[in-house]
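Below is one structure, written out as structure tokens; the observations come after it.
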Amino acid sequence: MSTKTLLLSSLAFLLVLTLGMALRPVPHVPEAHCRVVEGRVRDVRTAGEHDVVLALEGTAQCFYINRGLETGLTLEEWQTRLLNREVEIKYPSYWTPLDPTNALRHVAQLRTADEVIFSEWQD
């Protein structure tokens, strides 16, 4: 096998591997395996296809609820319920080449002190 063929084969393999990692879905993990972050919500906005994005005070990391506007709440209702309130967010830990610094995390569960606002898990 020539060096050129070996190099092209290696590059093709790396491309397929990278695409596979980039396009894989967010893993659904049990609650016990999620990471937890707590903080005060400083911003609630929309992004993408009806996603709700939350920013917490004191961190550059943002958290998104996939299709959050399809849960029955409008953006204004999300903002009223969450802005300037303390929340607990549970999220799966995973890495993707589309977000190598983990600046945007997928929310598995969002709760305030008195209620669960969003959860991917069945009761």
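The values are calculated or read from the model by the stated rules, or taken from the named source; none is laboratory data. Treat the numbers as computed from the prediction; the structure is a model and nothing was measured. No Cβ is skipped: glycine too gets one built from the backbone with ideal geometry, and neighbour counts run over all protein chains shown.
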Out of (1) in contact with a strand residue (DSSP E or B) (Cβ under 9 Å, 6 or more places away or on another chain); (2) over 16 Å from residue 51 (Cβ atoms); (3) modelled with pLDDT under 95, what's the single condition that is false for residue 105? (2)
Given the criteria in a strand (DSSP E or B), of a type in the set (Lys, Arg) and either surrounded by 15 or more Cβ atoms within 10 Å (Cβ to Cβ) or touching a Gly at 6+ places or on another chain (Cβ under 8 Å) (or both), does residue 105 qualify? yes
Sole miss for residue 101 among (1) under 11 Å from the mean Cα position of the chain (by Cα); (2) within 30 Å of residue 14 (Cα to Cα) is condition (1)
Please state which of the following conditions residue 113 fails to meet, knowing it meets all the rest: (1) outside any loop (DSSP other than H, G, I, E, B); (2) aliphatic (A, V, I, L, M); (3) out of contact with any helix residue (DSSP H, G or I) (no Cβ under 8 Å at 6 or more places or on another chain). (1)
Only listed residue being part of a strand (DSSP E or B) and either loosely packed, with under 12 Cβ neighbours inside 10 Å or modelled with pLDDT under 95 (or both), chosen from 49, 76, 38: 38
Looking only at the stretch 53-104, filter to residues that are basic (Lys, Arg) and free of Cβ contacts under 8 Å to residues at least 40 places away in the same chain; which one of those is nearest to residue 42 (Cα to Cα)? 81
Inside the stretch 72-123, can you point out the residues that are over 19 Å from residue 34 (Cβ atoms) and polar (S, T, N, Q)? 74, 79, 80, 84, 101
I'd like to verify a number: residues in the stretch 79-102 that are modelled with pLDDT under 75 and more than 16 Å from residue 59 (Cβ to Cβ), how many? 5
